[in-house]
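Enquirer: Would you mind keeping the following structure in view while I ask a few things?
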Amino acid sequence: MFTLAAVTALAAASLPAQDAGAIRGTVTRADDSTPLRDVAVGIQGTSLRAATDAAGHYVIPRVPAGPQRLAVRRIGFAPKDIPVQVVAGRGQLVDISLEPRPVLLGDVLVQSASRSPERVVDAPAAVEIVDPNVARALSPTGQVPLALGRLAGVDIVEGDVQDFNVNARGFNATFTRRILVLQDGRDLSIAFIGSQEWNALSLPLEDMSRIEMVRGPGSALYGANAFSGVLNLTTPAARDVVGTKLAIDGGDLTTRRADLRQAGVFANGRFGYRANIGYTSSDMWSRSRTNIGDLAREYASAVDTSRYHVNSPFPGFELVPIAGQTKPGAIGVPAEATGRPDDLTSLYGSARLDYYGGDGSITTLEAGDADVKNEVYVSAIGRFQFTEAVRPWARLAYGSDHWNVMAWSSGRRSLGPQRSLASGTFFSEISSLSHVEAQYNGELFGTRGRYVVGGSGRIGAVDTKQTLISPEDDNRSDHYYSAYGQLEYRVGRQIRLSGAARIDGSNLFAAQFSPKLSLLVQVSSRESFHVTVNRAFQTPSTLQYFVQSPAGPPADFSPLEAGLRASPLGPALAGVPEGTLFTKSSAVPLWVFGNKNLKVESVVGVEVGYKRQIGSRAFITVDGYYSQVSDFVTDVLAGVNPAYAPWTAPTQVPEAQRAAVEGAVRAALTAGPQPDVARALTRLKDGSTAVVFSVGNAGHATVRGIEVGAAVQLTNEWRADGNITLDGFTVDSAGLVPGARVLPNTPHRKANASVTYEGRHGVSGWLAARLVSEYDWASGVWVGRIPPSTTMDASLGWQVLRDTRLHLTATNLLDEARYSVYGGSLIGRRVIGGITVTF
């Protein structure tokens, strides 16, 4: 079938050119002529390259006239180098067939560990690449984090269809920020909360050309919040995806998805463009919890109630239902919600323009936006629903052999009401991040040494219209800056030393110094050891510094006051007017306040790793780590912020009886269903009584563990992968308020196993299983037990025609009702199928 890629190539070749021509063609399997996608085709000695599309087509415009060599590479196939005689001003057809060959996983190139390309066996870090077949199969779900689920050491906490937290090596939370997530160097976090909004990506998962995950501290090269790792998403240049692609999918949860992408080159290959637009819609797993016991009933099918006690946050129900559902009666009166929740939707798109310089450089201008609706998120103070928000962004970048310069901006604006389901309050958010960065790399001492230097500046702006931040702190603009460098030096053929250092500063925190030292010993070309010592840090988010929000409906302490008046302490309260022991005892407000005095959380870690390619079919990795976390920033807890001291009795209580009254109040609250309230009861600056939850620094924690992984190419078509992670954690209780819980929120044992098939006639598929041990969860108001789980996912694809592929993907194949975050929804089976056509 003659595709738009071929038309574009001929058009490019027909343009006037005195010293260049174009090469196009199709890459297929040698044994059955099935087209191969994602094959890298490049001109040796230049930066000219292309990648085949789903129909196996590729185009390389503006190839210098004369003798050239095509380098053709794809994992799982024998490489080819093909001589080509390029004729100026003409297009040339070069079709290629590749022989299947076992994968040499140790030779796969990675870039995130050192900010430069290197074989994975040579990387001085625990780094993995997501299998493109896995990413492509999971793309119809719209759930990017699921693609990371089978990586060693990685935790994927799923609260709902798009409510994910990605973490590694412990201390997860409802809004975790310990993994820095970048897309082409652009930070995907939200300025206010500092974490990701996964359904706001403007490019589908299948269009990511590369997904790399580096585990372990990474602030020396990447700065703040590269605390437990870095996730790098890379998108393809326009010239790498020339042609048109249309994907249509549907399935469980009334899922509907359509995505269209067009890319091409023009001006004799000097410019390339890529544009996409897509829409997704589905039901959600979340349901309203507006009645007493709703959470327990929701979890009943997932837990053994004789072993697991399901505890709802105070007051035991949410005040408002999820959008689309209704609840009879007034706000604050528990009742069952009825109706169907409104669908989750995302309308997204992006456009990119590339200029390809004659020196191999690329200049890129791109922008995108996403309009997302109705997602429910689990936060430390209850669940929130964002009824509508837009996420615009733009990026300008220049990349060459030595320079990488970029400027980008991203924002978030709430268009519809964002509300707390727990308290019923509505809030607004307008936030943005603006960033500039420049990096230069070069060589020293011939080819023995290499260095990288760079610097960046960023402005984060947040305006909540005084709905989540007090007037004196709202509508703020904070600045951040950094400078960093890295030096590598090779001693002989087997030893590589590297050191890196970075300094970060801000108006919000004291300057942070992040050093890193690593030693890589290459036992052979297929075997290596590495030892890395580094420091990383995590800054408190704007929310943690400045949030001011109701945590729920006011508490009624009238019964407690009545009981005290009827007790032997009654005479001590004679001077206190009825109903005012707690200012207004019938309505004591519940608040969540930030902590402006938070210190930056830091980690110093040691990692020892081993990688080995065994023969031509097996690859193993072993990574052990030991880390010390200092000034651990707690989640929202009671009594951790010294600005809110324990409650004191009113001045009308005689001095001699004040301690007795205060002790009786604490004892009564501690014995109640929500003992944390006893520590949270305080007085505000104006002297009024309130229940306040906040964040604080909680001393030290120790993290240690081992991650073991293996991949075996069973045959040319079949591959098996597996890994196991064992973690251990110790929290120093010094500095913690008695009774407060700081937990790693991570299973001590988890394992993955998968088998993948990619064979003749365009048939491919995989089956994956993930096993997780049970563990305790404590994040803000959510305190409970996560049961053990075994989750299976599967995928099957078939290239029925050169330009047409059918696919079917199932997540949680066995329909095991489960939750992975206490307070999150039960996650069931989801099966989605569809068709992808390339023109």
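Enquirer: Filter region 583-614 for residues that are of a type in the set (S, T, N, Q) and crowded, with 16+ Cβ neighbours inside 10 Å; which is nearest to residue 721 (Cα to Cα)? Steps first, please.
Expert: As a first pass, look at region 583-614 and keep what is of a type in the set (S, T, N, Q): 583, 585-586, 595, 597, 602, 613.
If we keep only those that are crowded, with 16+ Cβ neighbours inside 10 Å as well, we get 583, 585, 595, 602, 613.
Details: 583: 62, 585: 60, 595: 45, 602: 34, 613: 14 Å.
That would be 613.
Enquirer: Within region 415-425, identify whether any single residue is among the basic types (Lys, Arg) and under 23 Å from residue 551 (Cβ atoms), and answer yes or no. If you could, list the steps in order and put the result at the bottom.
Expert: Within region 415-425, the subset among the basic types (Lys, Arg) is 419.
If we keep only those that are under 23 Å from residue 551 (Cβ atoms) too, we end up with 419.
Yes, region 415-425 contains at least one residue that is among the basic types (Lys, Arg) and under 23 Å from residue 551 (Cβ atoms).
Enquirer: Looking at region 623-648 only, could you name the residues that are of a type outside the set (Phe, Trp, Tyr) and crowded, with 21+ Cβ neighbours inside 10 Å?
Expert: Looking only at region 623-648, we keep the residues that are of a type outside the set (Phe, Trp, Tyr), and these are 623-624, 627-631, 633-643, 645-646, 648.
Correct list: 623, 627, 629, 633, 634, 635, 636, 637, 638, 639, 640, 641.
Enquirer: May I ask you to verify whether residue 292 is surrounded by fewer than 21 Cβ atoms within 10 Å (Cβ to Cβ), touching a Phe, Trp or Tyr at 6+ places or on another chain (Cβ under 7 Å), outside the structural domain of residue 246 (by TED's automatic domain parsing) and closer than 30 Å to residue 551 by Cα?
Expert: yes
Enquirer: Here is a check on your reading of the model: is residue 276 assigned by TED's automatic domain parsing to the domain that holds residue 811, assigned to a loop (DSSP other than H, G, I, E, B) and either surrounded by fewer than 22 Cβ atoms within 10 Å (Cβ to Cβ) or modelled with pLDDT of 95 or more (or both)? Walk me through how you get there before you give the answer.
Expert: Working: assigned by TED's automatic domain parsing to the domain that holds residue 811: yes; assigned to a loop (DSSP other than H, G, I, E, B): no; either surrounded by fewer than 22 Cβ atoms within 10 Å (Cβ to Cβ) or modelled with pLDDT of 95 or more (or both): yes.
Judged against the criteria, residue 276 is not a match.
Enquirer: Which ones in region 759-785 are in contact with a Lys or Arg (Cβ under 9 Å, 6 or more places away or on another chain), under 30 Å from residue 695 (Cβ atoms) and not hydrophobic (A, V, I, L, M, F, W, C)?
Expert: 773, 774, 775, 776, 785
Enquirer: Give, as residue ranges, the strands (runs of 3 or more DSSP E) completely inside region 39-156 that count at least 2 residues that are modelled with pLDDT of 90 or more and not assigned by TED's automatic domain parsing to the domain that holds residue 248.
Expert: Numbers: elements: 40-43, 49-51, 57-64, 66-73, 80-86, 91-93, 96-98, 126-129.
Once the strands (runs of 3 or more DSSP E) in region 39-156 are filtered for at least 2 residues that are modelled with pLDDT of 90 or more and not assigned by TED's automatic domain parsing to the domain that holds residue 248, what remains is 66-73, 80-86, 96-98.
Enquirer: Consider region 698-716. How many of its residues are in contact with a Lys or Arg (Cβ under 7 Å, 6 or more places away or on another chain) and buried (at least 20 other Cβ atoms within 10 Å of the Cβ)?
Expert: 4
Enquirer: Given the conditions (1) of a type in the set (Lys, Arg); (2) modelled with pLDDT under 90; (3) surrounded by 21 or more Cβ atoms within 10 Å (Cβ to Cβ), which single one is not true for residue 719?
Expert: (2)
Enquirer: Given the conditions (1) outside any loop (DSSP other than H, G, I, E, B); (2) among the hydroxyl-bearing types (Ser, Thr, Tyr); (3) farther than 30 Å from residue 121 by Cα, and given that residue 644 satisfies all but one, which numbered condition is not satisfied?
Expert: (1)
Enquirer: Follow-up. Return yes or no: is residue 703 touching a Ser or Thr at 6+ places or on another chain (Cβ under 6 Å), in a strand (DSSP E or B) and in contact (Cβ under 8 Å) with a residue 40 or more places away in the chain?
Expert: Numbers: touching a Ser or Thr at 6+ places or on another chain (Cβ under 6 Å): yes; in a strand (DSSP E or B): yes; in contact (Cβ under 8 Å) with a residue 40 or more places away in the chain: yes.
So residue 703 passes the test.
Enquirer: Please work out which residue is nearest to residue 376 (Cα to Cα), limiting yourself to region 249-273 and to residues that are in contact with a Pro (Cβ under 7 Å, 6 or more places away or on another chain) and modelled with pLDDT of 95 or more.
Expert: Residues of region 249-273 in contact with a Pro (Cβ under 7 Å, 6 or more places away or on another chain): 249, 257, 259, 265, 268-269.
Checking the rest, the ones that are also modelled with pLDDT of 95 or more come to 249, 257, 259.
On the way: 249: 23, 257: 20, 259: 24 Å.
Per the criteria, the residue is 257.
Enquirer: Of all residues being of a type in the set (Asp, Glu) and surrounded by fewer than 24 Cβ atoms within 10 Å (Cβ to Cβ) in region 129-176, which is nearest to residue 388 (Cα to Cα)? Just the residue, please. Lay out the reasoning, then the answer.
Expert: Filtering region 129-176 for residues of a type in the set (Asp, Glu) gives 131, 155, 158, 160, 163.
Filter again for surrounded by fewer than 24 Cβ atoms within 10 Å (Cβ to Cβ), leaving 131, 160.
On the way: 131: 33, 160: 17 Å.
In this case the residue turns out to be 160.
Enquirer: Assigned to a strand (DSSP E or B) and in contact with a Lys or Arg (Cβ under 7 Å, 6 or more places away or on another chain) - does that describe any residue in region 233-242?
Expert: Taking region 233-242 as the starting set, the residues that turn out to be assigned to a strand (DSSP E or B) are 233-234.
Then drop every residue that is not in contact with a Lys or Arg (Cβ under 7 Å, 6 or more places away or on another chain), which leaves 234.
Looking through region 233-242, at least one residue is assigned to a strand (DSSP E or B) and in contact with a Lys or Arg (Cβ under 7 Å, 6 or more places away or on another chain).
Enquirer: Here is a further query. Quick one: is residue 137 under 26 Å from residue 354 (Cβ atoms) and of a type in the set (A, V, I, L, M)?
Expert: Details: under 26 Å from residue 354 (Cβ atoms): no; of a type in the set (A, V, I, L, M): yes.
Criteria not met by residue 137.
Enquirer: Does region 260-271 contain at least one residue that is under 19 Å from residue 139 (Cα atoms), in contact with a Ser or Thr (Cβ under 7 Å, 6 or more places away or on another chain) and either not assigned by TED's automatic domain parsing to the domain that holds residue 834 or not basic (Lys, Arg) (or both)?
Expert: yes
Enquirer: Still on this structure, please answer the following. Restricting the search to region 668-677, which residues are of a type in the set (Gly, Ala, Ser) and either without any contact (Cβ under 8 Å) to a residue 40 or more places away in the chain or surrounded by 22 or more Cβ atoms within 10 Å (Cβ to Cβ) (or both)?
Expert: Residues of region 668-677 of a type in the set (Gly, Ala, Ser): 668, 671-672.
Across region 668-677, the qualifying residues are 671, 672.
Enquirer: Among the residues of region 778-794 satisfying the criterion of being in contact (Cβ under 8 Å) with a residue 40 or more places away in the chain and touching a Leu at 6+ places or on another chain (Cβ under 7 Å), which is farthest from residue 742 (Cα to Cα)?
Expert: That would be 793.
Enquirer: Another question, then. Looking at region 179-200, can you tell me whether even one residue there is more than 25 Å from residue 623 (Cβ to Cβ), more than 15 Å from the chain's Cα centre (by Cα) and part of a loop (DSSP other than H, G, I, E, B)?
Expert: yes
Enquirer: Answer with yes or no whether residue 375 is assigned by TED's automatic domain parsing to the domain that holds residue 190, modelled with pLDDT under 95 and touching a strand residue (DSSP E or B) at 6+ places or on another chain (Cβ under 8 Å).
Expert: Numbers: assigned by TED's automatic domain parsing to the domain that holds residue 190: yes; modelled with pLDDT under 95: yes; touching a strand residue (DSSP E or B) at 6+ places or on another chain (Cβ under 8 Å): yes.
Answer is yes for this residue.
Enquirer: Additional query: Select from region 647-691 the residues that are aliphatic (A, V, I, L, M) and outside any helix (DSSP H, G or I) and write down the one among them that is farthest from residue 782 (Cα to Cα). It would help to see each step written out before you state the result.
Expert: Taking region 647-691 first, the residues aliphatic (A, V, I, L, M) are 649, 653, 656, 659-661, 664-665, 667-669, 671, 677-678, 680-681, 684, 690-691.
Those left that are additionally outside any helix (DSSP H, G or I): 649, 653, 671, 681, 684, 690-691.
Values: 649: 30, 653: 36, 671: 19, 681: 19, 684: 25, 690: 20, 691: 17 Å.
Looking at residues that are aliphatic (A, V, I, L, M) and outside any helix (DSSP H, G or I), I get 653.
Enquirer: Please specify each residue of region 795-834 satisfying the condition of being touching a residue at least 60 places away in the same chain (Cβ under 8 Å) and closer than 30 Å to residue 593 by Cβ.
Expert: 819, 820, 821, 823, 824, 825, listed by residue number.
Enquirer: Counting only residues that are over 30 Å from residue 677 (Cα atoms), give me the strands (runs of 3 or more DSSP E) lying completely in region 452-556 with at least 1 of them. Walk me through it before giving the result.
Expert: Working: elements: 476-491, 495-506, 512-524, 527-538, 548-550.
Hits in region 452-556: 476-491, 495-506, 512-524, 527-538.
Enquirer: Here are the criteria: (1) touching a residue at least 60 places away in the same chain (Cβ under 8 Å); (2) surrounded by fewer than 17 Cβ atoms within 10 Å (Cβ to Cβ); (3) on the phi > 0 side of the Ramachandran plot. Tell me which single one residue 66 does not satisfy.
Expert: (1)
Enquirer: Determine whether residue 599 is part of a loop (DSSP other than H, G, I, E, B) and within 43 Å of the chain's Cα centre (by Cα).
Expert: Values: part of a loop (DSSP other than H, G, I, E, B): yes; within 43 Å of the chain's Cα centre (by Cα): yes.
For residue 599, the condition - part of a loop (DSSP other than H, G, I, E, B) and within 43 Å of the chain's Cα centre (by Cα) - is met.
Enquirer: Restricting attention to region 320-339, and to residues there that are of a type in the set (A, V, I, L, M, F, W, C) and within 25 Å of residue 373 (Cβ to Cβ), which single residue is modelled with the lowest pLDDT? Give the derivation first.
Expert: As a first pass, look at region 320-339 and keep what is of a type in the set (A, V, I, L, M, F, W, C): 320, 322-323, 330-331, 333, 335, 337.
When the remaining residues are screened for being within 25 Å of residue 373 (Cβ to Cβ), the result is 320, 322-323, 331, 337.
Details: 320: 93, 322: 96, 323: 95, 331: 84, 337: 95.
So the residue we want is 331.
Enquirer: Can residue 725 be described as surrounded by fewer than 21 Cβ atoms within 10 Å (Cβ to Cβ), assigned by TED's automatic domain parsing to the domain that holds residue 753 and among the β-branched types (Val, Ile, Thr)? Write out each step before concluding.
Expert: Working: surrounded by fewer than 21 Cβ atoms within 10 Å (Cβ to Cβ): no; assigned by TED's automatic domain parsing to the domain that holds residue 753: yes; among the β-branched types (Val, Ile, Thr): yes.
Against the criterion (surrounded by fewer than 21 Cβ atoms within 10 Å (Cβ to Cβ), assigned by TED's automatic domain parsing to the domain that holds residue 753 and among the β-branched types (Val, Ile, Thr)), residue 725 does not qualify.
The values are calculated or read from the model by the stated rules, or taken from the named source; none is laboratory data. Keep in mind that what you see is a predicted model, and the values were worked out from it rather than measured. Positions of Cβ are generated from backbone atoms using ideal geometry, with glycine treated the same way; all protein chains shown enter the neighbour counts.
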